[in-house]
Amino acid sequence: MGPHRRIRGRRHTDLVPATAQTASAGLLSLMDSSSPPGADKPRVTLYTRDRCHLCDEVKRQLTLLRREADFEIREVNIDESEELRERYGERVPVVAIHGREVFDYRLDAGRFLKRLRAAL
């Protein structure tokens, strides 16, 4: 597995799967933390699953935060991929900016906006 860093006592990987579709096809495509050429908005990925109240709350927060900052949101249901289910298990929701995991379980709006600005 790739390099790890510690955030609030939890272990995170610097790289995350691009989509459930590529992972479920057995092509665990990994994104790096840099923007693709021509990208003008930060890419935020929300890893979630069905019947997850914390996931619903973070999704609501991200929707509200789009009023304050311009970013793309992509939601990935980990239950659609065996690889993602194994990788995340019960550790959802997970929020990634440009492929770098920055929050899990809860989202701090102020810290999120600061990290989003830093990603530009």
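Structure values in brief
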read-out	value
Whole-Hz ³J(HN,Hα) from phi, Karplus 6.51 cos²θ - 1.76 cosθ + 1.60, for region 58-73, glycine and proline x	5, 4, 4, 4, 4, 4, 5, 5, 5, 6, 9, 8, 8, 8, 8, 10
Protection-proxy order for peptides 62-72, 86-96, each taking the mean of Cβ atoms within 10 Å per residue, highest first	86-96, 62-72
Stretch gain in nm, segment residue 60-residue 74, where the contour uses 0.36 nm per residue and the Cα spacing is subtracted	3.7 nm
Neighbourhood charge, 13 Å Cβ-Cβ cut-off, centred on residue 42 and excluding it, Lys, Arg +1 and Asp, Glu -1	+4
Net charge, residue 88 excluded, C-beta distance under 9 Å - Lys, Arg +1, Asp, Glu -1	+1
Anisotropy class of region 38-89 from Cα gyration tensor, a/c 1.5 cut	oblate
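FYI, it's all coordinate maths here, none of it is from the lab. Computed from a predicted structure; not experimentally measured. Reconstructed Cβ throughout: ideal geometry from the backbone, glycine too, with neighbour counts over all protein chains shown.
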